[in-house]
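Peer 1: Can you keep this structure in mind? I'll have questions shortly.
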Amino acid sequence: MLKKLLVVVFVFIALSGCRSFYQSQRDFHQFFRQADFEQAQSVLSQDRRAEQRRTRLLFMLNNGVVHQLMGNYQESNEYFERAFITTEDFRQNPVDIAAALVANPRLTEYRGEDFELLMIHFYKAMNFIHLGDLDAALVECRRLNNRLNTIADENKRENTYRRDAFIHNLMGIIYEAAGDLNNAFIAYRNAYNIYSEDYSVLFDVEPPEQLKRDLLRSAYRLRFFDQLDFFQNKFGMQHTPQEQDHGDVVVFLKNGLGPVKAERSINFTVVRGVGGRVDFVNEELGLSFPFFTGDSQAATGQLGDLRVVRVAFPRFVERRPVYQGATVKSAGVSHSMEIAQDINGIAFQSLEDRMLRELGSALLRLAIKQTSEQLVRRENENVGAILSILNAITERADTRNWQTLPHSIHYTRISLPPGDHTLQMDLLRPGGSAGRVVDFQTRIRANRTTFFSYHAIESNDAPL
């Protein structure tokens, strides 16, 4: 009877624990993907314990996105500000670290990927812009700069995601809209360098033509004529001064949905060494990780006798957007929207950059589990068998991530005479065929910048 009960309990735990974070949020994502944001927000609000869980950051981020899409910019910013404060207050928790080592990393507080933390400020800045508060948007620019400096300080390796071109580009756009041309020029120049040196290699994203025009314009307006000549020669293009009484509209398209984390596993052969050394080896992938379990030959020998073990770690699964891009038409003139940020590519690259560290942590976790199991078996075979089942059940990867981010961000800038204008955004399917049309109105003021942002949520579901 006891054995049957244990089997039922363990099967229940295994089934409930096998779901990814994406699958555990099924109802919310179903409404979100249908653009039923009121129902999506209702699902979030019904979770009374959400802010006590170790996924509280993701709860705040999802609320922030949903409220922005509903036009509740103040409420959206309240959630994003709480998310920002939460990330600032994170401290290493010894209990969390221990739980991750003996069970699985899902038991730790979710702290966010570097690019996710940067996107908090993107959303906040856009909310402030919609609220007409450029000064507050500039505060987010300064916070962005602090985050960028922290990321750069923590990651010195070449060919990794350590600098963000889009964030510098965004800072330039906001600085220029606020009349701070000097900082705008610096941000545009930094953005161009990062697109050229990092994004073109890592994500196949070249410097947008619009960024080049913005860089030339800011140099011209600052009378940095040596810089203007330098970049005109570099770009092979000439700056054309804008009509003096015209204003601009900057249009952002958040396209599709970013990737979700799932679980992947690799089999390792356990090779017993001497002096307490155990090597986890996968010859197919050319991987070998040594661990030292102590001087106990009995424990080492039994761990080595395991021969083959499974190690779980996270992987990203892409959700391909339905649309490949867009154009914006004004008065019969079509303006192409260029890709400025590849969130999907950054997510994959960020995880790849630390994959060896993820594998090492997973193997250390498994080594601790198996060593403790064998030591318990020496005292009580039945208890050791139960611990073995628990170890197998709890060997899970951390599949949490911010899953309401877009797949990519496209943008364009259009110069228009003062007055009210109706513009048409044509969403394009792969190959350039016509997709969906989005009409929107904007009021242009002379020598001022206005903004429009749209999220085309349509995407193919992740094959989980």
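All of the numbers you see were taken from the coordinates with simple rules; none came from a lab. Everything numeric in this text was worked out from a predicted model, so none of it was measured. Positions of Cβ are backbone-derived with ideal geometry, glycine not excepted, and every protein chain shown enters the neighbour counts.
Peer 1: Would you mind getting me the FRET efficiency between GLU206 and GLN441? Use the beta-carbon distance for r and R0 = 22 Å, nearest 0.05. Kindly include the intermediate steps, with their values, before the conclusion.
Peer 2: Numbers: r = 32 Å, r/R0 = 1.45.
Approximately 0.10, to the nearest 0.05.
Peer 1: Using the Cβ atoms and a cut-off under 15 Å, what net charge is assigned to the surroundings of LEU216, where Lys and Arg are +1 and Asp and Glu are -1?
Peer 2: +2
Peer 1: Take peptides 69-77, 214-222 and line them up by average Cβ neighbours within 10 Å, highest first, as a rough protection proxy.
Peer 2: Values: 69-77: 17.7, 214-222: 20.9.
Packing proxy ranking, top to bottom: 214-222, 69-77.
Peer 1: Where does the charge balance sit around GLU318 when Lys and Arg score +1, Asp and Glu -1, over other residues with C-beta under 12 Å from its C-beta?
Peer 2: +2
Peer 1: Using 0.36 nm per residue of separation minus the Cα-Cα distance, give me the extension gain between ASN159 and ASN282 in nm, one decimal.
Peer 2: Details: separation 123, 0.36 × 123 = 44.28 nm, distance 2.55 nm.
Once the chain is fully extended between ASN159 and ASN282, it gains 41.7 nm.
Peer 1: Right, here's the next one. Using the Cα centre of segment 186-272 as the reference point, and only Cβ charges (+1 on K/R, -1 on D/E), how large is the resulting charge dipole? Debye, rounded to the nearest 20.
Peer 2: 420 debye
Peer 1: Suppose we look only past 18 Å in the calculated P(r) of segment 401-457. What percent of the Cα-Cα pairs does that tail hold?
Peer 2: Numbers: 759 of 1596 pairs.
The calculated P(r) of segment 401-457 puts 48 percent of pairs beyond 18 Å.
Peer 1: Determine ³J(HN,Hα), in whole Hz, for all residues of segment 278-286 in sequence, where each value follows from phi through the Karplus function 6.51 cos²θ - 1.76 cosθ + 1.60 and θ = phi - 60°; x replaces Gly and Pro.
Peer 2: 9, 10, 9, 10, 10, 5, 4, 9, x
Peer 1: In Å, what is the Rg of the alpha-carbon atoms in segment 108-223, and how long is Dmax?
Peer 2: Here Rg and the maximum Cα pair distance are 14.5, 53 Å.
Peer 1: Further question on the same structure: Express in nm, to one decimal, how much length is gained between SER196 and ARG33 on full extension, taking 0.36 nm for each residue of separation and deducting their alpha carbon distance. Each step should come with its number before you reach the end.
Peer 2: Working: separation 163, 0.36 × 163 = 58.68 nm, distance 3.41 nm.
Using 0.36 nm per residue and subtracting the Cα-Cα distance, I get 55.3 nm.
Peer 1: Would you mind calculating the gained length between LYS234 and TYR454 on full extension (0.36 nm times residue separation, minus the Cα-Cα distance), in nm to one decimal?
Peer 2: That works out to 75.9 nm of additional length.
Peer 1: What is the dipole size for segment 177-224, taken about its Cα centre, with +1 at each Lys and Arg Cβ and -1 at each Asp and Glu Cβ, in debye to the nearest 20?
Peer 2: Result for segment 177-224 is approximately 420 debye, rounded to the nearest 20.
Peer 1: Applying a 10 Å radius around every beta-carbon, put 45-52, 248-255 in order of their mean neighbour count, most first.
Peer 2: In decreasing order of mean packing, 45-52, 248-255 become 248-255, 45-52.
Peer 1: Report the net charge of residues surrounding SER76, where surrounding means a beta-carbon distance below 15 angstrom and charges are Lys +1, Arg +1, Asp -1, Glu -1. Intermediate values should be presented prior to the final figure.
Peer 2: Details: positive: ARG82, LYS124, LYS254; negative: GLU38, GLU75, GLU78, GLU81, ASP133, GLU140.
Result for the local shell: -3.
Peer 1: Please identify which residues in segment 236-274 have an amide N closer than 15 Å to a label point set 7 Å out from the Cα of LEU222, following the Cα→Cβ vector.
Peer 2: none
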